[in-house]
Amino acid sequence: NAGVTQTPKFQVLKTGQSMTLQCAQDMNHEYMSWYRQDPGMGLRLIHYSVGAGITDQGEVPNGYNVSRSTTEDFPLRLLSAAPSQTSVYFCASSRDLAGPYNEQFFGPGTRLTVL
Amino acid sequence: GNSVTQMEGPVTLSEEAFLTINCTYTATGYPSLFWYVQYPGEGLQLLLKATKADDKGSNKGFEATYRKETTSFHLEKGSVQVSDSAVYFCALRNAGNNRKLIWGLGTSLAVNP
């Protein structure tokens, strides 16, 4: 299993540009989420999905869109990039939300810089 | 609401020293508790977890015990190595309908040879 994969690893955008961060998992996990990690702020949840066709907002959803058309993929779209979106983005998945299989598996991250 | 509080870092230790990173939580019901580790330039990975009171999670020489009476899940290791240098995150997943992961801010550990 490849686990959770993310592309690209690094990206530089200009203010106002749009782009999609890709995330895929091959573990047949129902639950997927996107976080951003900023110094001194820990991990903040952007959006999450509890299954194909179902998404919901996290703590900091503004400026981001998601969709979940398949179990495997959960792309994150930046609609009009702003310098405040400079961050490291992590995608994560888990098999369950409760019970013994509720830990999250993380991708390697995408480091995004918005100029 | 639910929250996780970790001791602030950075923590700097010499090799073979004893490590404790404190984590306390506020939650309703009986959450699952986790420690994740992030090595430089990498994503987070699960280090250990505990799903009920008095459970002890352990992995790679690290241990943490779920203490409901003190609402704590402190991470310990008896003898740290340089390779343990990383950022450590405490987290909880509430047993309620929400079930989102609630994260601490992370504690940076540097181990010197």
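The values are calculated or read from the model by the stated rules, or taken from the named source; none is laboratory data. No experiment lies behind these values; they were computed from the predicted model shown. Virtual Cβ from ideal backbone geometry, glycine too; neighbours counted across all protein chains shown. Calculation scope for accessible area: heavy atoms of the full protein, side chains included, ligands and nucleic acids excluded. Shrake-Rupley method; radii C 1.70, N 1.55, O 1.52, S 1.80 Å.
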Worksheet item: Taking A:Asn28 and the conditions (1) in contact (Cβ under 8 Å) with a residue 40 or more places away in the chain; (2) on the phi > 0 side of the Ramachandran plot; (3) within 14 Å of chain B (Cβ to nearest Cβ), which numbered condition does it fall short on, given that it satisfies the others?
Response: (3)
Discussion item. Pairs please, first residue from the stretch B:38-53 and free of Cβ contacts under 8 Å to residues at least 24 places away in the same chain, second anywhere and acidic (Asp, Glu), Cβ atoms under 7 Å, 6+ apart in sequence or on different chains.
Written reply: B:Leu46/A:Glu103; B:Lys49/A:Glu103
Response to the item:
Checked B:Val80, B:Val11, B:Val37 against criteria (open to solvent by less than 10 Å² (accessible area, probe 1.4 Å), modelled with pLDDT of 95 or more and over 22 Å from A:Phe106 (Cβ atoms)); the one match is B:Val80
Discussion item. Checking the condition touching a strand residue (DSSP E or B) at 6+ places or on another chain (Cβ under 8 Å), at pLDDT below 95 and β-branched (Val, Ile, Thr), which residue from B:Thr26, B:Thr20, B:Thr65 passes?
Written reply: B:Thr26
Discussion item. Anything in the stretch A:73-101 that is assigned to a loop (DSSP other than H, G, I, E, B) and either more than 8 Å from chain B (Cβ to nearest Cβ) or surrounded by 19 or more Cβ atoms within 10 Å (Cβ to Cβ) (or both)? List them, or say none.
Written reply: A:Phe74, A:Pro75, A:Leu79, A:Ser80, A:Ala81, A:Ala82, A:Thr86, A:Arg95, A:Asp96, A:Leu97
Practice prompt. Could you list all residues from the stretch A:32-56 that are open to solvent by 10 Å² or more (accessible area, probe 1.4 Å) and of a type outside the set (A, V, I, L, M)?
Written response: A:Arg36, A:Gln37, A:Asp38, A:Pro39, A:Gly40, A:Arg44, A:His47, A:Tyr48, A:Gly53, A:Thr55, A:Asp56
